[in-house]
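Below: the structure, in structure tokens.
The values are calculated or read from the model by the stated rules, or taken from the named source; none is laboratory data. Values in this document were obtained by computation on a predicted structure and should not be read as measured data. Here the Cβ positions follow ideal geometry from the backbone for every residue, glycine too, while neighbour counts run over all protein chains shown.
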Amino acid sequence: MDTYSLLREFADSWMLLALFTFFICVVIWVMRPGSRSAYQDVADIPFRNEDAPAPATRRASEEDQNNG
């Protein structure tokens, strides 16, 4: 058996199993109990304003009630 066939057989079977196992372990690691607080700060990054807190905006329904 030449090297190419041996490596291809390894990649088709065991490497696929190893990558799938790694993926499942990462998903379980992220979903573990207690990890919510660790990832909450990272999840809020897009909503931050660098200079100051974003100004509060009123909803359209509140404006309609106040004007009408």
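Would you confirm whether or not the stretch 46-58 contains a residue that is at pLDDT 70 or above and in a helix (DSSP H, G or I)?
yes
Suppose we filter the stretch 12-45 for residues that are touching a Ser or Thr at 6+ places or on another chain (Cβ under 8 Å) and modelled with pLDDT under 80; how many remain?
Selection size over the stretch 12-45: 0.
Quickly run through the stretch 1-16 and pick out the residues that are more than 23 Å from the chain's Cα centre (by Cα), outside any loop (DSSP other than H, G, I, E, B) and not aromatic (Phe, Trp, Tyr).
Listed by number, the residues that qualify are 3, 5, 6, 7, 8, 9, 11, 12, 13, 15.
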